[in-house]
Amino acid sequence: MTAERAAILFDRYGSDTVSGQSLEPGIDYWFYGDDACVAYQNTGGSWVAVGGPICEKSGQAEVMQAFAKAAQDAGKRVRFFAIETSHEGWNSVSIGEQAEWDPKQWSTALASKASLREQLRRAKAKGVRVRKVSRDEISDVESTVHLQVCRMVRDWQKNQAMAPMSFLVRLDIFGNPEQKHYFVAEQDNKVVAILVALRIPARQGWFFEDVLRAHDAPNGSIELLFDHAMRSAESGEIEIVSFGLAPLSGEVSKWLARVRDYSQWLYDFDGLRAFKTKLLPSRWRSIYLSFPEGEKGISATIDSLTAFAGGSWIRFGIRTVVHAQPTLIWWLALLLIPWTVLLTATPTGTWFPSLEIKYAWIGFDLLLCAGLIKLAIHWRRLPAALLAFICALDASLGAYQLVHYNQFVLNSIFQWSIAVFTILAPLGASLILALGALSRHKLYHPLR
């Protein structure tokens, strides 16, 4: 009933671009009377709100203060993330800018840029066609479109630099379909890209919330999707379209600018801004993180990032390790090569009871290396589980040899350190592989 009550208020007052995301899974609600609510995520130490309060514009400041008081009484800090209006009594720092379009100006803007029209032509020449998909078709778990979108989204998530995150970047393509419009780009009856437009009811607008493409989608597929959706918005008398936040773009604080500069390897901030600029937005709007006066912006930013991490940096770290399985397995395989070469030069008497056992270890490591390389190229659960068992067996055999042979011949701290490493290294590899086998498939969009 709580979510239904929030949905009614969203239909009446939803004006921030992200307000529709308040209806997604993992969100809590705090209500203020009958005509106002704040959607937020509880990170444990803070309540991070989804944009501003969902209420009459004139009452937002009052609701924010009441929400802050409720959070304080509960022993929580309060932050409003991706709010579009700064309010007196609150610190507001720019966290980036979002691009906005007037659909009525799109045809004129497109006519002014030949390179963009060429992208559309290329996609069409490759046989890409765009159509608006009905909510019934996209929601039907047996439909071809639904299944193809599921697989495309799953592949897209696997190829991202980071593990899937929560809060405002959680993928919820099929949730609340009554609030969304769906456009797909198809080539040879295969979905190669999708655009999901979420309603902004109080501004007669759309938010292009999810725009994804398959890895083999022809160039121009996203641009063709965007063009079709903009023309649909114009015919539907939509007044504003937003493509969402370009984080850390525009005028941001010096320390946020440093974060942007030093984390480009992880997230292409400049590339995202450049792509949205290429689509000729009508204007850019600053988006803010607001928090009570007297508190530090760094603390508010950390709380917000904790919401994106799902409330726990430890759990997100584990998910990241699981997500990065192919890369980590490549490193394990590559490190095993010099280790095996080193074994061939190791004296038998100190480290191995006999020459036969030495060669058995070398052969064992070579087979393990080959298995890891194959798994890194094509990751699958069953081989990962099997290799986790083999690595655990490696550690167990190493421990057995240490207890029954090596402890009697090792005579220095350095040698003991090497011996312990030969046990802990495969044990760590086994843990990494086991985590992947048990939970990697749970990180990504279900296939159905």
> What are the residue pairs meeting all of these: first residue in region 94-117, first residue more than 10 Å from S282 (Cα to Cα) and touching a residue at least 24 places away in the same chain (Cβ under 8 Å), second residue charged (D, E, K, R) and in a strand (DSSP E or B), Cβ atoms under 6 Å, and 6 or more apart or on different chains?
Replying inline: Q98/R285
> Name the pairs: first residue in region 198-211 and part of a strand (DSSP E or B), second residue buried (at least 18 other Cβ atoms within 10 Å of the Cβ) and charged (D, E, K, R), Cβ to Cβ under 8 Å, at least 6 apart or on different chains?
Replying inline: L198/K180; L198/E209; R199/K180; I200/D16; G205/R199; W206/R199; F207/R199; E209/K180
>> Considering only residues that are small (G, A, S), assigned to a loop (DSSP other than H, G, I, E, B) and surrounded by 15 or more Cβ atoms within 10 Å (Cβ to Cβ), which ones fall in region 242-268?
In response: S249, G250, S253
> Out of region 203-217, which residues are crowded, with 18+ Cβ neighbours inside 10 Å, over 18 Å from Q98 (Cα atoms) and out of contact with any Leu (no Cβ under 9 Å at 6 or more places or on another chain)?
Replying inline: A214, A217
> Can you list the helices (runs of 4 or more DSSP H) found entirely within region 308-398 that contain at least 1 residues being in contact with a Pro (Cβ under 6 Å, 6 or more places away or on another chain)?
Replying inline: 355-377
>> The conditions are (1) closer than 26 Å to G250 by Cβ; (2) polar (S, T, N, Q); (3) under 31 Å from the mean Cα position of the chain (by Cα), and Q105 fails exactly one of them. Which is it?
In response: (3)
> What residue, among those in region 218-241 that are assigned to a helix (DSSP H, G or I) and polar (S, T, N, Q), is surrounded by the fewest Cβ atoms within 10 Å (Cβ to Cβ)?
Replying inline: S235
> Looking only at region 141-174, which residues are surrounded by fewer than 14 Cβ atoms within 10 Å (Cβ to Cβ) and outside any helix (DSSP H, G or I)?
Replying inline: V141, E142, N159, Q160, A161
> Do you know which residues across region 120-131 are part of a strand (DSSP E or B) and either of a type in the set (D, E) or surrounded by fewer than 18 Cβ atoms within 10 Å (Cβ to Cβ) (or both)?
Replying inline: R129, R131
>> Among the residues in region 249-269, are any without any contact (Cβ under 8 Å) to a residue 12 or more places away in the chain, closer than 19 Å to V169 by Cα and among the acidic types (D, E)?
In response: yes
>> I'm checking my understanding of the structure. Among residues of region 82-119 that are closer than 21 Å to I238 by Cβ and among the aromatic types (F, W, Y), which one is surrounded by the fewest Cβ atoms within 10 Å (Cβ to Cβ)?
In response: W106
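Here, each number is a calculation from the coordinates, and none is a lab measurement. Since the model is a prediction, treat every value here as computed from it, not as a measurement. Note that each Cβ is placed from the backbone with ideal geometry, even for glycine, and that neighbours are counted across all protein chains shown.
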